[in-house]
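Before any comments, here is the structure.
The values are calculated or read from the model by the stated rules, or taken from the named source; none is laboratory data. What you see is a predicted model; the values in this text were computed from it and never measured. With ideal geometry, Cβ positions are generated from the backbone for all residues, glycine too; neighbour counts draw on all protein chains shown. Heads up: the accessible areas ignore ligands, DNA and RNA and are worked out on the full protein's heavy atoms, side chains in. Shrake-Rupley method; radii C 1.70, N 1.55, O 1.52, S 1.80 Å.
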Amino acid sequence: MTVLLFLVFLILLILGFPIAFALGISAFTYLIFSDIPLMVIPQKMYAGIDVFVLLSIPGFILAGNLMNASGITQRIINFCNALLGHIRGGLGLANVGASMLFGGISGTAIADTASIGSVMIPAMKKEGYDAPFSCAVTASSSTIGPVIPPSLPMIIAATLTGLSVGKLFVAGIIPGLLLGVGFMITTYLIAVKKKYPKSSRKPIKFIFKSFFQAFWAIMMTFVILFGIIGGVFTPTEASIVAVIYALAIGLWVYRELKLKMIPAILLQSAKTTAALMVLVGFANLFAWIMTVEELPLLIANSLLELTENKWILLLLINLLLIFIGAFMETIAALLILFPVLLGVAMQVGVDPVQFAVIMVFNLVIGLTTPPVGVCLFVASSIGQVSIEKIAKAGFPFLLVSLVVLMLLTYIPEISLWLPGLFYD
């Protein structure tokens, strides 16, 4: 029966079915041929989404969409370009910098790629950057978004295990900054080698002006983060505060958000939330079937039979997750595998907060690796460049991601130092 479950799942993935439907149909097929009543489908799906913290997801999605409609993307790009544009490859550096700032608002890599990419990829091509490089730096830097708070995958990880969302948010700050700095260094070195253009140095007055134009957008991240850390509000309440903040900034500060735009933004946010919740529900059903078949126990025992050395086990888990991330959507993989692998990691003494960050970091790498790297597809459609060319141009950025992953894995303080300051 287990073979049937995974066989149907793999066939549906190969045929191009959305990951949520691949999970749901394979689980349904398994149940038809088993003695388990079909009533468990709605029961387990509802149990998967009936978690209070998950209420924060539609709030953060709506807040990100409201801020994006308010002209935030262009303001952040303008500020980063004013600050970094005079350096060789400055537009590429501004691309990475904008992703670091925008990631603190959207919390998702796909939104980052679409929003930043729609502006930066055409601009970089116009300035003389290679199209594959322009797409690669955009797709790669977008993976910073799910690491820097607020992060939707971190919220999912917290709901699965009861970990503090605030702790996970804070734990992602240093890894996200390391990734951003690594991408900037890589972008600069490639720019020097290929003699990419640079613009004239902007006056200090102009830099300050662009900063103040982007100030209210940048402040949103700090309002959310320090509100949660300071115990002012819960993550769910923080998402509502973010929506109110985004509305106020869009309507009365930037004044680019119009009342007539709000219904369309609400509809788009509802569609995104619905798709995510269907995925969460089906993934919970799939994970429950795996538990019935005792697969988590089998996986745990198999890994521990190979080695009980903490560092070797983490390396094996990293290799497994990088492989899975290349074929499976981040949140689906997180829902199915995180509770299983966390139990294994904790048995050898790995801190659960550190492992949660490692898990999320691993899986977001898959967003820029073929064959299912969704950020590659988004960048490809914007830049009109083949996936193969973008993947090739993005290889140096992939190496940077792997280096940061190894640092995160073998130096626990990178993810645990800041949570220790704020929570212990």
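Brief remarks on what is shown
- Sum of side-chain charges, THR159 neighbourhood, beta-carbon under 14 Å (Lys, Arg +1; Asp, Glu -1): 0
- In Hz, Karplus ³J(HN,Hα) per residue of region 385-393 (6.51, -1.76, 1.60; θ = phi - 60°; x = Gly, Pro): 10, 5, 4, 4, 5, 5, 4, 5, 5
- For the chain, the solvent-accessible area of protein heavy atoms averages 43 Å² per residue (probe radius 1.4 Å; ligands and nucleic acids excluded).
- Anchor LYS389: lysines whose Cα lies under 21 Å away (excluding residues fewer than 8 positions away in-chain): LYS125, LYS126, LYS193, LYS194, LYS195
- Largest GNM mean-square fluctuation across PHE169, PHE60, PHE222, computed for the chain with C-alpha springs under 10 Å, falls on PHE222.
- Short-range pairs are left out: with C-alpha atoms under 8 Å and at least six residues apart, the relative contact order of the chain is 25 percent.
- Take every pair of alpha-carbon atoms less than 8 Å apart whose residues are at least six positions apart; their mean separation over the length of region 148-286 yields a relative contact order of 20 percent.
- Over the chain, DSSP H runs of length four or greater, each weighted -39,500 (n - 2.57), average out per residue to a 222 nm ellipticity of -25000 deg cm²/dmol.
- For the chain, complete DSSP H runs whose alpha carbons reach 30 Å or more along their own long axis and whose mean Kyte-Doolittle score is 1.0 or higher are 173-194, 204-229, 262-292.
- For region 52-117, the Kirkwood estimate of hydrodynamic radius, built from reciprocal distances between every pair of different alpha carbons, is 12.4 Å.
- Between LEU303, LEU84, LEU101, the residue with the greatest mean-square fluctuation in the GNM of the chain (Cα pairs under 10 Å linked by springs) is LEU303.
- Region 327-385, relative contact order in percent, only Cα pairs under 8 angstrom and at least six apart counted: 37 percent
- Each Lys or Arg adds one and each Asp or Glu subtracts one; over the other residues with Cβ under 12 Å from the Cβ of LYS195, this totals +3.
- Formal net charge of residues neighbouring PHE211 (Cβ-Cβ distance under 13 Å; K, R +1; D, E -1): +4
- Take each peptide in 349-362, 315-328, 33-46, 131-144, count the other Cβ atoms within 10 Å of every residue, and average; sorted highest first, the result is 131-144, 349-362, 315-328, 33-46.
- Structure remark: mean-square fluctuation, Gaussian network model of the chain, C-alpha springs under 10 Å; the largest value among ILE382, ILE414, ILE312 belongs to ILE312.
- Split the accessible area of the chain by element, probe 1.4 Å, and carbon with sulfur accounts for 71%.
- Amide N proximity, region 1-15 versus GLU294 label position 7 Å along Cα-to-Cβ, cut-off under 20 Å: 1-6
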